[in-house]
Amino acid sequence: PTIPREILSLKDLEAKCLETMAPMVRDYLYDGAEEGHTIRENLEVWDRWLVIPRMMRDTSNVNLTPRTHQFNQSWSLPLGIAPSAMQQLAHPSGEKATAAAARSMNIPFGLSTFSNYTIEEVKDAGRDSVVGLQMYLLEGRRDLNIELMRRAEAAGYKAIVLTVDSPVPGNRPGLIKSNFVMPKHMKFRNFSEDFGGPLDQAQDTQFNDDSTTVAIANDTNPDSAAARTPEQTTKSRGNQLIVDSSINWERDMTWLRENTSLEIWVKGILHPLDAEEAIAYGASGIMVSNHGGRQLDTCVSALDVLPAIVKQVNGRVPVHLDGGIRRGGDIFKALALGADFVWIGRPVWWGLEVAGEEGVRWVIQTLKREFEVVMKLMGCRHVGEIKREMMVTKSGLLS
Ligand code: FNR
């Protein structure tokens, strides 16, 4: 399948996707925490900034590559594909299609632990583009985390991306209402045990945003948690994997560093002092993110906290951002406020649903084309020329 010619923007593609996407999958893709304020915030924040272009700067040749290497590689754009779980929901080739598209466009891809294809299969499909394995720390099953890391190392991944914004899954009433379950023919193939069964919707069980079987176990006491070793935490319940709500900087960053040779990136930072913690505990990079508005409702957008985080980090490690990137101009604005690199989540699913690998490629190509035009109109010949002074907030114009 190809993308119909009347589709010109990611917004058009989204509309096309929604014509065919199964309601249950749509609910999973779009659902956010509670009332969805943060989801809306993630989309609206870009329009609060207006750009001030420079003229007559010979932009006949524009270089779109990132200022510096990321994951020790050079990429065609300061854009990557963020980890999102269960991509077979959008297309039978799932993460393999996404990784292949990333590879063909020379941009990086992060694989969710809760993928429907394995660490190795996805690496094969995306080769050098498959740089990161995203992980949650699993309560009482650090053996599984260690196994995942061993496999990622052996397969040639560069980084473990630790998602730190999910000590518990967010409050997600929408997903419960829509009775979301992963279809039986799909599996969490990174696990040899069968964690992919249909969910038993017990009272104390809620869906994690990222998997049907990651459940909340609220019987842990957060005060005593830090004192326990990972191995001492409760075993996973039945065939459910439980995210570890005792996750903390001191114990778990130390544990990760002792247990993998890969770079450790921290995903889900929103406070400058957490960026400081991440660096203090040896993070190789920081991803400023609110998990696409799926975890904590009314929390800030990544863009709003980016300048303070960039100031705090002061160039010690790369600062990446995700959430609500839908246009080439959004990439520009994130870079103007100091991001080294940005990532997209949901748009990939629109591409997958409409045209599989080809659709994901179309998404990347479209953002690339838009970004290039914006660069030229802004008078920027390379990303190093994108400057904070080229933007004002709407309210800033009044002063
Ligand atoms: C996600 N995200 C996510 N993050 C993560 O660390 N592990 C995961 O397994 C998932 N799974 C997931 C599934 C789906 C369907 C979505 C939409 C998102 C969050 C993701 O990495 C990223 O932070 C956001 O998607 C970025 O926001 P946008 O681009 O979707 O607005």
Legend entry - Given (1) within 30 Å of Glu35 (Cα to Cα); (2) more than 13 Å from the ligand (Cβ to nearest atom), index of the condition Leu175 fails: (2)
Inset, instruction - Just name the residue that is surrounded by the most Cβ atoms within 10 Å (Cβ to Cβ) out of those in segment 335-347 that are more than 8 Å from the ligand (Cβ to nearest atom) and assigned to a helix (DSSP H, G or I). - result: Leu335
Legend entry - Filtered residues of segment 126-140 (kept if near the ligand (Cβ under 10 Å from one of its atoms) and free of Cβ contacts under 8 Å to residues at least 60 places away in the same chain): Met135
Legend entry - Residue pairs meeting the criteria (Cβ under 7 Å; at least 6 apart or on separate chains; first among the basic types (Lys, Arg), in segment 82-101; second away from the ligand (no atom under 13 Å from the Cβ) and part of a helix (DSSP H, G or I)): Lys96/Glu121; Lys96/Val122; Lys96/Ala125
Inset, instruction - Please determine, by comparing only the residues of segment 315-327 that are out of contact with any helix residue (DSSP H, G or I) (no Cβ under 7 Å at 6 or more places or on another chain) and farther than 13 Å from Leu337 by Cα, which one is nearest to the ligand (Cβ to nearest atom). - result: Pro318
Inset, instruction - Give just the number: which of (1) under 25 Å from Asp31 (Cα atoms); (2) within 16 Å of the ligand (Cβ to nearest atom) does Arg361 not satisfy? - result: (2)
Legend entry - So Ile146, is it among the β-branched types (Val, Ile, Thr) and more than 16 Å from the ligand (Cβ to nearest atom): yes
Inset, instruction - Evaluate segment 109-124: report whether one residue or more is surrounded by fewer than 20 Cβ atoms within 10 Å (Cβ to Cβ) and either in contact with a Cys (Cβ under 6 Å, 6 or more places away or on another chain) or assigned to a loop (DSSP other than H, G, I, E, B) (or both). - result: yes
Inset, instruction - Working only within segment 284-309, note down all residues that are more than 15 Å from the ligand (Cβ to nearest atom) and within 17 Å of the chain's Cα centre (by Cα). - result: Ser284
Inset, instruction - Report, ordered by the first and then the second residue, all pairs with beta carbons closer than 6 Å, sequence separation of six or more or different chains, a first member in segment 266-290 that is over 9 Å from Asp165 (Cα atoms), and a second member that is of a type in the set (D, E, K, R) and away from the ligand (no atom under 12 Å from the Cβ). - result: Ile279/Arg316; Gly282/Arg257; Ser284/Glu263
Inset, instruction - State which residue is surrounded by the most Cβ atoms within 10 Å (Cβ to Cβ) when the search covers only segment 310-332 and only residues that are part of a helix (DSSP H, G or I) and more than 18 Å from the chain's Cα centre (by Cα). - result: Phe332
Legend entry - Per-region count, segment 349-358, residues surrounded by fewer than 24 Cβ atoms within 10 Å (Cβ to Cβ) and within 16 Å of the ligand (Cβ to nearest atom): 0
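Taken together, the values in this text are just the output of simple stated rules run on the coordinates, not laboratory data. Fair warning: this is a prediction, and the values are worked out from it, not measured in the lab. Every residue, glycine among them, receives a Cβ derived from its backbone with ideal geometry; neighbour counts consider all protein chains shown.
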